[in-house]
Amino acid sequence: QKEVEQDPGPLSVPEGAIVSLNCTYSNSAFQYFMWYRQYSRKGPELLMYTYSSGNKEDGRFTAQVDKSSKYISLFIRDSQPSDSATYLCAMRPSGGNTPLVFGKGTRLSVIA
Amino acid sequence: DTAVSQTPKYLVTQMGNDKSIKCEQNLGHDTMYWYKQDSKKFLKIMFSYNNKELIINETVPNRFSPKSPDKAHLNLHINSLELGDSAVYFCASSNTIEAFFGQGTRLTVV
């Protein structure tokens with residue numbers, strides 16, 4: 001079993017839809033949970049991160065972490081064509097400088 | 001002002017050649033990484049450096065040799081390139097939480 005599992009999609013939704021992206025993980029030491037967005041031929045850029053369990057909201061984006069289920073989600077409200085990208089979940093234990101462990105990424109297309 | 005910059009952006013080379021990719025960060029971070037992204041977009045850690053010292057080498061062939069002359073720079077030298085080395089290589093730097101990525105170097109070995 002891979003440390004971080006993420007459905008690669010592709011996922012195609014109409015403009016204005018609510019998008020739900022998810023990852024599961026197996027390492028209970030993970031404490032920081034992040035979502036990166038990667039446009040074609042660009043580097044990943046950090047969207048948001050959460051520490052331990054709970055929710056975090058930033059504009060149209062909401063991240064949720066359920067450590068008891070080892071499950072994290074990213075919700076995108078009122079999706080826009082400019083949201084079309086690959087979304088990568090990533091996580092790491094707390095403390096030190098251990099590298100992020102990434103999911104495989106979900107490719108999202110928002111159709112106008 | 002680019003936070004993490006890599007050069008070159010594209011690299012096409014023949015099998016057996018030796019090539020280098022350079023990375024610089026101006027964020028003042030102590031930790032830098034090299035990741036490899038395959039054709040299916042999976043990002044896998046290769047090396048991790050903290051304050052110029054190698055701290056993680058994820059079973060990467062020894063044809064790959066990272067070098068960190070100072071904590072703002074982490075270069076990657078690859079000897080005897082093979083077809084399977086074709087991928088996008090990302091440099092990143094990190095504080096203790098977030099990692100910031102460069103724009104990637106697309107390496108094609110022919």
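Values in this text are rule-based calculations from the coordinates and carry no lab data. The model shown is predicted, which means the values in this text are computed figures rather than measured ones. Cβ coordinates were reconstructed from backbone atoms using ideal geometry, including for glycine residues, and neighbour counts include every protein chain displayed.
Numbers for the structure displayed
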read-out	value
Pairwise centroid distance, computed over Cα atoms, of region B:58-95 with region A:39-112, Å	26
Greater than 30 Å apart at Cα, pairs in A:Lys70/B:Lys71; A:Lys56/B:Lys22; B:Lys41/B:Lys71	A:Lys70/B:Lys71; A:Lys56/B:Lys22
Loop-resident sites, region B:28-98, for GluC sites (Glu not before Pro), counting at most 14 other Cβ within 10 Å (DSSP)	B:Glu58, B:Glu82
Whole-number D in µm²/s for region B:33-110 (Stokes-Einstein; Kirkwood sum over Cα pairs; 20 °C, 1.002 mPa s)	165
Debye, to nearest 20: dipole size of the protein assembly as shown, +1 on Lys, Arg Cβ, -1 on Asp, Glu Cβ	340
Estimated inter-spin distance, B:Asp70 and A:Asn27, nm [label 7 Å along Cα→Cβ]	3.2
D_trans [Stokes-Einstein, Kirkwood Rh over alpha-carbon pairs] for chain A, 25 °C, 0.890 mPa s, µm² s⁻¹	174
Lysines with Cα under 18 Å of B:Lys19, excluding same-chain neighbours fewer than 8 positions away	B:Lys9, B:Lys36, B:Lys67
Counting DSSP beta bridges with both ends in the protein assembly as shown, the antiparallel % (nearest 5)	90
Of A:Met34, A:Met91, A:Met48, the one that fluctuates the most in a GNM where chain A has Cα springs shorter than 10 Å	A:Met48
Distance histogram for the protein assembly as shown (every C-alpha pair counted, 10 angstrom bins, percent rounded to whole numbers)	8, 33, 35, 19, 5, 0
Loop-located GluC sites (Glu not before Pro) in region A:1-33, at most 11 other Cβ atoms within 10 Å (DSSP)	none
P(r), alpha carbons of region B:66-110 - 10 Å bins starting at zero, rounded %	23, 46, 26, 5
